[in-house]
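Engineer: What follows is a single structure, and I will ask about it in a moment.
The values are calculated or read from the model by the stated rules, or taken from the named source; none is laboratory data. The structure presented is a predicted model; accordingly, all values stated were derived computationally and were not measured. Using ideal geometry, Cβ is built from the backbone for each residue, glycine included, and neighbour counts are taken over all protein chains shown. Please note that ligands, DNA and RNA were not included when accessible areas were found on the heavy atoms of the full protein model with its side chains. Shrake-Rupley method; radii C 1.70, N 1.55, O 1.52, S 1.80 Å.
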Amino acid sequence: MTGPDVIPTRSAALEALAKFAPRAGHLYALQRNYDLGADQHDNVSQLSPYIRHRLITEQEVLDAVLAHHSPQDAQKFIAEVFWRTYWKGWLEMRPDVWKQYQSDLTQAWNNVQTQSGLRSRWQDACMGQTGIVCFDHWARELAQTGYLHNHARMWFASIWIFTLKLPWVLGADFFLRHLLDGDCASNTLSWRWVAGLQTRGKHYLAEPENIARFTKGRFRPQAGDLDTDAQPLDGPMPPDPSAPPTAQDIDLTRPSALLLHMDDLAPDDLLDQGLRPMVTIMLPPSERMTPLRMSDKVQTFRSAALLDVTNRLADLLGDVVTCAPGQTLAAAKAAGAEQIVTHYAPTGPVADNLAQIDGLPLHQALRPFDARAWPYATKGFFKFKDKIPALLAAMRDKAPA
Ligand SMILES: Cc1cc2nc3c(=O)[nH]c(=O)nc-3n(C[C@H](O)[C@H](O)[C@H](O)COP(=O)(O)OP(=O)(O)OC[C@H]3O[C@@H](n4cnc5c(N)ncnc54)[C@H](O)[C@@H]3O)c2cc1C
């Protein structure tokens, strides 16, 4: 199993997008639910590692697809891209859900260390040694390739929670350590959705027939292998939404340090608008996503993706330095910067690191695409989905995003 060849550069991302865009219409709608196995995922875009780190933006993806298809023909694909936007906006207005996840994970991790029964069940699940053939395959596919098809993610999470009865936060952590697209919002909220915590009382149960059908018979779990009667998990209601972030005017002509982080690796729009940083500071990929270690694959991808930006835009970035979050201020001041400019970091470890920077104004440029869409993520996705036509129209009227 080698999995998709995800080269961590913007040019590879653009190439993959150009290759996929013609297939994002009815072919995608017909075939997207089939998980045909590692090396056979061409029915979906596999663009998620690029979009997650914004080596390419959602707007670029949508523009490329709409150059080949009408919004109607590509509506399934467009809706999937907006699922990501919806989850980001939803969490942005409820950051306590991420904090609660982190604290529940710390507790679950303590339990793994102190309860040998739980530890061995958790180890078996992570190593693909549970005896449930499909689940074990997906555990290994994820660890080896850094990717799983969406349907496999749903089945895997469901079996983890309802058949193996393992804490969902440990499963979400397993995903975050191994997925090249591991994302605080999409991952945490998708696991909550499978568990029945996100849409209260509605959970996702993996069914043997569904797995057999959508893997084209690669896996045929027997009746009794999976718990198909389990009840949704119980937990507190999600908090009411707080106000979404709003875009601010940033004077890009002031002496500035540009801060690059793994949540947004396309500073091109800021440079196009005239930013000429005195220094560019790269924040190394954060380890604060997990109490364990990120997989080597994820760490290598992220470090190389950061380097790609500095290679690609070398002429415009000034001196480039890599700094731990605590040294950012000193590096910016040493270069004579009067402000630090960066793209907005949504809820997660990068945002936590940025919150510690104190001593120079820190301006986070919120992309117009997010500023327009996130405020609609107050209720369920289906209400949000009604806004997609208006969001697409606004996107096409206004560049850049
Ligand atoms: C339990 C679970 C955990 C997940 N964890 C993550 C995660 O950490 N990071 C992540 O990016 N996605 C996550 N997803 C969503 C989804 O599985 C992946 O985005 C998708 O499989 C990526 O493959 P693709 O690029 O081929 O998707 P495509 O089908 O080609 O979709 C195009 C793009 O739309 C977005 N997208 C598609 N489906 C979803 C979805 N259901 N939710 C949010 N965005 C979506 C992605 O950016 C994707 O690249 C998770 C889903 C589940 C069920």
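Engineer: Take the residues of segment 210-224 that are closer than 16 Å to residue 132 by Cβ and surrounded by fewer than 19 Cβ atoms within 10 Å (Cβ to Cβ): which is nearest to the chain's Cα centre (by Cα)?
Structural biologist: Across segment 210-224, the extreme among qualifying residues is 210.
Engineer: Touching a helix residue (DSSP H, G or I) at 6+ places or on another chain (Cβ under 6 Å) and within 30 Å of residue 99 (Cα to Cα) - does that describe any residue in segment 334-344?
Structural biologist: Checking segment 334-344: at least one residue is touching a helix residue (DSSP H, G or I) at 6+ places or on another chain (Cβ under 6 Å) and within 30 Å of residue 99 (Cα to Cα).
Engineer: Just give me the residues in segment 70-104 being buried (at least 17 other Cβ atoms within 10 Å of the Cβ) and not in a helix (DSSP H, G or I), in sequence order.
Structural biologist: Selection gives 73, 74, 93, 94.
Engineer: Please give the number of the condition residue 54 fails out of (1) assigned to a helix (DSSP H, G or I); (2) open to solvent by less than 50 Å² (accessible area, probe 1.4 Å); (3) closer than 22 Å to residue 147 by Cβ; (4) more than 10 Å from the ligand (Cβ to nearest atom).
Structural biologist: If we test residue 54 against (1) assigned to a helix (DSSP H, G or I); (2) open to solvent by less than 50 Å² (accessible area, probe 1.4 Å); (3) closer than 22 Å to residue 147 by Cβ; (4) more than 10 Å from the ligand (Cβ to nearest atom), just (1) comes out false.
Engineer: Right, here's the next one. Which residue out of 378, 322, 347, 342 is without any contact (Cβ under 8 Å) to a residue 60 or more places away in the chain and either in contact with a Pro (Cβ under 7 Å, 6 or more places away or on another chain) or open to solvent by less than 20 Å² (accessible area, probe 1.4 Å) (or both)?
Structural biologist: On inspection, the qualifying residue turns out to be 322.
Engineer: Can you give me the number of residues within segment 260-288 that are open to solvent by less than 10 Å² (accessible area, probe 1.4 Å), closer than 19 Å to residue 366 by Cα and in a strand (DSSP E or B)?
Structural biologist: Qualifying residue count for the region: 5.
Engineer: For the condition buried (at least 19 other Cβ atoms within 10 Å of the Cβ) and either of a type in the set (Gly, Ala, Ser) or away from the ligand (no atom under 11 Å from the Cβ) (or both), what is the one hit in 67, 38?
Structural biologist: Criteria check complete, one pass: 38.
Engineer: Among the residues of segment 116-130, is any closer than 21 Å to residue 385 by Cβ and of a type in the set (Phe, Trp, Tyr)?
Structural biologist: Checked segment 116-130: no residue is closer than 21 Å to residue 385 by Cβ and of a type in the set (Phe, Trp, Tyr).
Engineer: Same structure again: Conditions: (1) open to solvent by 10 Å² or more (accessible area, probe 1.4 Å); (2) out of contact with any Lys or Arg (no Cβ under 8 Å at 6 or more places or on another chain). Residue 113 meets all but one. Number of the miss?
Structural biologist: (2)
Engineer: Hey, does segment 161-170 have a residue that's within 16 Å of the ligand (Cβ to nearest atom), open to solvent by less than 10 Å² (accessible area, probe 1.4 Å), out of contact with any helix residue (DSSP H, G or I) (no Cβ under 6 Å at 6 or more places or on another chain) and among the polar types (S, T, N, Q)?
Structural biologist: no
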